[in-house]
Amino acid sequence: MLAAWLSLFLFLFAVNAHMIDVLAGRKECFFEDLHKQDKMTVTYQVGGGGHLDIDFWLLDPTSTVLGKQVKQSTGTLSVTALKDGRYEYCFSNQMSAIADKIVSFNVHGVIYVGDDDVVAPIEREIRSLASGLTSVKDEQEYIIVRERTHRNTAESTNARVKWWSIVQAIVLFSVVAWQVYYLKSFFEVKRVI
């Protein structure tokens, strides 16, 4: 009995974080084997590539679509398994012909424990804390991906401003040199011999 509760406790903390590249015109699919009443949540965010959007869907063992999100940069989808089997979730970049996408996603779940067992208050609190920790971890990973995206944007903008300033300085000095030469030609005395 203690081993069963320990394995449940450890499973509650088991969050699988992944980062994948979804090539242009392709899709990447993953599978999870669930039992009836198990809960699974998939949280994802596009960290780079194109317009930072991706298609996502989740299928049950009979290939029925349980959830679909089209052209989203971030999303969360939670399901409770209605039957035993292999559940499939896919990230699709088939709408893009050029841009590869970098997707960060987490899969976490809770094994169903029947109500026939009496749950002690401390066990209820442990489950609540585990759920809260999972939410905090997901939020931290989301913030890390957003920070990386914004840093890349800021560095790109900084580089463009630098090169534009250099081009403007070159044009300015060229115009100044031409004006000096042109004005100097007004004051030159032209003699005809």
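Before moving on, here are some points about what is shown:
- A convex hull fitted to the Cα coordinates of the chain yields 158 cubic angstrom per residue.
- Atom-type composition of the exposed protein surface of region 75-193 places 63 percent of the accessible area on carbon and sulfur (1.4 angstrom probe).
- Formal net charge of residues neighbouring LEU59 (Cβ-Cβ distance under 10 Å; K, R +1; D, E -1): 0
- In the chain, the longest principal axis of the Cα atoms and the axis of helix 2-13 are about 20 degrees apart.
- Its residue count N fixes a reference of 2.2 N^0.38 Å for region 39-91, and the Cα radius of gyration divided by that reference is 1.20.
- Point-charge dipole on Cβ atoms (K/R +1, D/E -1) for the chain, about Cα centre, debye to 20: 1600 debye
- Using alpha-carbon coordinates, inclination of helix 121-186 to the longest axis of the chain, degrees: 10 degrees
- Per residue, the solvent-accessible area of the chain (1.4 Å probe, heavy atoms of protein chains only, all protein chains present) comes to 69 Å².
- Rg/Rh for region 57-162, where both radii come from Cα atoms and Rh is the Kirkwood radius: 1.10
- Checking the Cα-Cα distances for LYS39/LYS137; LYS162/LYS184; LYS36/LYS101; LYS27/LYS162 against a 30 Å cut-off, the pairs over it are LYS162/LYS184; LYS36/LYS101; LYS27/LYS162.
The values are calculated or read from the model by the stated rules, or taken from the named source; none is laboratory data. As the structure is a computational prediction, the values presented were derived from the model and not from experiment. Quick reminder, even Gly has a Cβ in these numbers, built from the backbone with ideal geometry, and neighbours come from all protein chains shown. To get the accessible areas, we keep the full protein, side chains included, count just its heavy atoms, and leave off ligands, DNA and RNA. Shrake-Rupley method; radii C 1.70, N 1.55, O 1.52, S 1.80 Å.
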